[in-house]
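Participant: Mind looking over this structure? Questions follow.
The values are calculated or read from the model by the stated rules, or taken from the named source; none is laboratory data. Since the structure is predicted, the reported quantities are computational estimates derived from the model, not experimental observations. For neighbour counting, all protein chains shown are included, and Cβ atoms are generated from backbone atoms with ideal geometry for every residue, glycine included.
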Amino acid sequence: MSFKTISVIGLGYIGLPTAAMFASRKKRVIGLDVNQHAVDTINLGEIHIVEPELDILVEAAVTEGYLRATTVAEAADAFLIAVPTPFKKDSSETPEPDLSYIQAAATAIAPVIKKGDLVILESTSPVGATEQLAGWLAESRPDLSFPQFAGSNADVNVAYCPERVLPGHVVRELVENDRVIGGMSATCSERAVELYRCFVKGELVVTNARTAEMTKLTENSCRDVQIAFANELSIICDKLDIDVWELIALANRHPRINILQPGPGVGGHCIAVDPWFIVSKTPSEARIIKTARAVNDSKPIWVVDQVKIALADYLQLNPTKLISDITIGCFGIAFKPDIDDLRESPAMWITRELAKTHEGKVIAVEPNIREISGEDFSLVSYDEAVNSVDIAVLLVDHKEFKGGKVPKTRHIIDTKGIWG
Ligand code: SAJ
């Protein structure tokens with residue numbers, strides 16, 4: 001049976017592009033979200049998030065009548081859950097994943113699912129979350145059978161199929177990337193492959209649900225560990241008076257070495273979060289993964305300390321100046337280059353920390369953001385900052401800064417090595 005109607009639950013950075021992609025293949029798509037503003041915006045053919053090319057896709061999908069958003073679940077042939085999975089904000093050393101959004105999605109769709117439907121979890125999740133989702137659905141619908149009991153004969157098929165797209169390239173990567181398909185039974189996987197075949201040109205590689213869940217966590221944890229290695233090197237090199245950028249470039253000439261780049265820390269809503277999903281399940285075993293998190297989380301603190309050292313040096317060289325006379329300029333506040341996303345941004349954390357603690361002025365340059373309010377620092381133009389800062393802190397390697405004017409001060413803390 002082919003999929004005529006597809007419901008996408010959670011219309012955020014992953015759900016909305018996925019919904020638009022199915023709609024572009026002339027599937028009837030119903031987008032479900034709890035955010036009325038998002039629903040209204042999409043129904044006008046507009047988007048509430050920043051992602052290249054997505055606006056054109058959504059406008060076409062809504063205008064042609066293939067995509068419609070709602071806050072109330074409706075019947076469909078396939079349900080794709082793409083809701084957030086943050087971790088719980090408690091004081092424990094190892095943050096625990098919060099599956100309440102997945103549970104809420106299960107509660108919302110349970111009344112409308114029927115025999116023959118396919119339910120897919122796309123949200124980054126701890127191992128076992130897909131089985132948990134199937135458990136919640138089974139509790140709500142005792143009249144239907146699910147794969148944890150009925151295997152390939154289940155009335156409703158359930159699979160885990162993680163996204164692995166890079167923000168800023170989502171529309172292209174959704175189509176081109178290979179995709180891991182983790183069904184709870186062979187039939188679940190077959191049905192999921194059939195669904196994604198609608199638009200995915202990459203390979204659809206089948207495994208079981210638990211392995212698919214762990215694959216996604218492994219990819220992001222691997223990157224976190226590799227970045228931690230680079231960040232640790234940068235601190236070691238600072239102590240030993242070695243240029244870390246030159247060092248990495250030299251080491252990377254070895255045919256089997258590929259070291260990533262250090263920076264002010266690791267940001268975003270994936271790499272800084274997902275490793276905890278492994279650590280919380282296996283705290284005694286996930287030692288490198290946990291240490292990498294600690295190394296990356298401590299890097300912004302190290303950068304702030306570097307600024308304090310620069311401040312002391314500045315005062316020593318300029319004894320007539322007071323600390324309150326000194327202007328610190330932060331170049332970049334986004335979590336990575338050439339985007340406007342501030343989520344878990346180490347650059348933003350550093351800028352805020354400096355603005356909170358420094359007695360003088362703190363200004364910031366962020367080419368991808370026009371205005372900012374409620375902060376203790378102000379956004380200024382690149383030119384203004386270059387000409388007025390006493391201490392410059394380069395935090396993001398935005399294209400505007402690469403090869404751009406270098407601030408006129410000898411006190412530069414360049415966390416990305418672009419003003420060398
Ligand atoms: N970073 C460094 N040094 C590097 C590379 C990155 O410090 O050499 C920093 C960035 O500045 C940023 C953070 O790491 O603060 C994360 O950036 P990223 O570009 O590595 O990753 P994300 O968070 O934008 O997207 C990741 C991707 N995962 C992998 O590359 C393994 C993407 O494919 C996933 O789909 C996405 O997470 C996700 O949604 O899980």
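Participant: Report, by residue number, each residue of the stretch 259-269 that is within 6 Å of the ligand (Cβ to nearest atom) and surrounded by 22 or more Cβ atoms within 10 Å (Cβ to Cβ).
Facilitator: Step one: filter the stretch 259-269 for residues within 6 Å of the ligand (Cβ to nearest atom), giving 260-261, 263, 266-268.
Listed by number, the residues that qualify are G263, V266, G267.
Participant: Hey, any hits in the stretch 160-177 for a residue that's free of Cβ contacts under 8 Å to residues at least 40 places away in the same chain and in contact with a strand residue (DSSP E or B) (Cβ under 9 Å, 6 or more places away or on another chain)?
Facilitator: No, the stretch 160-177 contains no residue that is free of Cβ contacts under 8 Å to residues at least 40 places away in the same chain and in contact with a strand residue (DSSP E or B) (Cβ under 9 Å, 6 or more places away or on another chain).
Participant: So, of the residues in the stretch 21-46 that are among the small types (G, A, S) and under 16 Å from A76 (Cβ atoms), which turns out to be surrounded by the fewest Cβ atoms within 10 Å (Cβ to Cβ)?
Facilitator: Residues of the stretch 21-46 among the small types (G, A, S): 23-24, 31, 38, 45.
So of that shortlist, the ones also under 16 Å from A76 (Cβ atoms) come out as 23, 31.
Working: A23: 25, G31: 30.
Result: A23.
Participant: Still on this structure, I have one more. List pairs: first in the stretch 33-58 and under 17 Å from F22 (Cα atoms), second charged (D, E, K, R) and in a loop (DSSP other than H, G, I, E, B), Cβ under 9 Å, 6+ apart or cross-chain?
Facilitator: Qualifying pairs under 9 Å: I42/D33; D55/E46; V58/E46.
Participant: Kindly indicate whether V279 is under 30 Å from D340 (Cα atoms), in contact with a Ser or Thr (Cβ under 7 Å, 6 or more places away or on another chain) and either surrounded by 16 or more Cβ atoms within 10 Å (Cβ to Cβ) or of a type outside the set (D, E, K, R) (or both). Walk me through how you get there before you give the answer.
Facilitator: Details: under 30 Å from D340 (Cα atoms): yes; in contact with a Ser or Thr (Cβ under 7 Å, 6 or more places away or on another chain): yes; either surrounded by 16 or more Cβ atoms within 10 Å (Cβ to Cβ) or of a type outside the set (D, E, K, R) (or both): yes.
Answer is yes for this residue.
Participant: What residue, among those in the stretch 274-289 that are touching a Pro at 6+ places or on another chain (Cβ under 7 Å) and not aromatic (F, W, Y), is nearest to the ligand (Cβ to nearest atom)?
Facilitator: Here is the first cut: in the stretch 274-289, the ones touching a Pro at 6+ places or on another chain (Cβ under 7 Å) are 276-277, 280-281, 289.
Now restrict to residues that are not aromatic (F, W, Y): 280-281, 289.
Details: S280: 17, K281: 18, I289: 14 Å.
Only one residue fits best here, namely I289.
Participant: Among the listed residues T207, T215, T211, identify the single one that is farther than 21 Å from S24 by Cβ, away from the ligand (no atom under 16 Å from the Cβ), without any contact (Cβ under 8 Å) to a residue 60 or more places away in the chain and assigned to a helix (DSSP H, G or I). Full working, then the answer.
Facilitator: Numbers: T207 fails: assigned to a helix (DSSP H, G or I); T215 fails: away from the ligand (no atom under 16 Å from the Cβ).
After applying the criteria, what remains is T211.
Participant: Quick one: V225 ticks every box in (1) assigned to a loop (DSSP other than H, G, I, E, B); (2) in contact (Cβ under 8 Å) with a residue 12 or more places away in the chain; (3) more than 10 Å from the ligand (Cβ to nearest atom) except a single one, so which number is it?
Facilitator: (1)
Participant: OK, next. Say we look at the stretch 193-204 and pick out the residues that are outside any loop (DSSP other than H, G, I, E, B) and more than 24 Å from the chain's Cα centre (by Cα); which of these is farthest from T5 (Cα to Cα)? Please lay out each step first, then the result.
Facilitator: Filtering the stretch 193-204 for residues outside any loop (DSSP other than H, G, I, E, B) gives 193-196, 204.
From the residues that got through so far, the ones that are more than 24 Å from the chain's Cα centre (by Cα) too are 193-195.
Values: V193: 16, E194: 14, L195: 11 Å.
Taking the candidates together, the pick is V193.
Participant: Do we have any residue at all in the stretch 80-98 that's among the β-branched types (V, I, T), at pLDDT below 95 and closer than 30 Å to S145 by Cβ?
Facilitator: yes
Participant: Let me ask something else about it. Go through (1) within 30 Å of A138 (Cα to Cα); (2) in contact with a Leu (Cβ under 9 Å, 6 or more places away or on another chain); (3) within 16 Å of the ligand (Cβ to nearest atom) one by one and return the number of the condition L195 breaks.
Facilitator: It fails just one condition, (3).
Participant: Is there a residue being in contact (Cβ under 8 Å) with a residue 24 or more places away in the chain and either within 15 Å of the ligand (Cβ to nearest atom) or not in a helix (DSSP H, G or I) (or both) anywhere in the stretch 244-255?
Facilitator: Step one: of the stretch 244-255, the residues in contact (Cβ under 8 Å) with a residue 24 or more places away in the chain are 244-245.
Filter once more, keeping what is either within 15 Å of the ligand (Cβ to nearest atom) or not in a helix (DSSP H, G or I) (or both): 244-245.
Checked the stretch 244-255: at least one residue is in contact (Cβ under 8 Å) with a residue 24 or more places away in the chain and either within 15 Å of the ligand (Cβ to nearest atom) or not in a helix (DSSP H, G or I) (or both).
Participant: Please find, among E173, E194, E203, the residue that is out of contact with any helix residue (DSSP H, G or I) (no Cβ under 9 Å at 6 or more places or on another chain), closer than 30 Å to T415 by Cα and surrounded by fewer than 17 Cβ atoms within 10 Å (Cβ to Cβ).
Facilitator: Numbers: E194 fails: closer than 30 Å to T415 by Cα; E203 fails: closer than 30 Å to T415 by Cα.
Result of the check over E173, E194, E203: E173.
Participant: Cβ-Cβ distance below 6 Å, separation of 6 or more or different chains: which pairs start in the stretch 63-77 with a residue that is farther than 20 Å from H48 by Cβ and end on one that is in a strand (DSSP E or B) and hydroxyl-bearing (S, T, Y)?
Facilitator: A76/T5; A76/S7; D77/T5
Participant: Report every pair of residues separated by at least 6 positions or lying on different chains whose Cβ atoms are under 8 Å apart, first residue within the stretch 349-377 and outside the structural domain of G267 (by TED's automatic domain parsing), second loosely packed, with under 15 Cβ neighbours inside 10 Å and among the aromatic types (F, W, Y).
Facilitator: Cβ pairs passing all conditions: none.
Participant: Here's something else I'd like to know. Write out, first by first residue and then by second, each pair whose Cβ atoms fall under 6 Å of each other, whose residues are 6+ apart or on separate chains, and whose first residue, in the stretch 322-344, is of a type in the set (G, A, S) while the second is away from the ligand (no atom under 15 Å from the Cβ) and assigned to a strand (DSSP E or B).
Facilitator: From the stretch 322-344, the pairs are G329/I363; G329/A392.
Participant: Would you mention how many residues in the stretch 4-20 are surrounded by fewer than 23 Cβ atoms within 10 Å (Cβ to Cβ) and in contact with a Lys or Arg (Cβ under 7 Å, 6 or more places away or on another chain)?
Facilitator: Keep residues of the stretch 4-20 that are surrounded by fewer than 23 Cβ atoms within 10 Å (Cβ to Cβ), which gives 4-5, 12-13.
Subset that is in contact with a Lys or Arg (Cβ under 7 Å, 6 or more places away or on another chain): 4-5.
Within the stretch 4-20, residues that are surrounded by fewer than 23 Cβ atoms within 10 Å (Cβ to Cβ) and in contact with a Lys or Arg (Cβ under 7 Å, 6 or more places away or on another chain) number 2.
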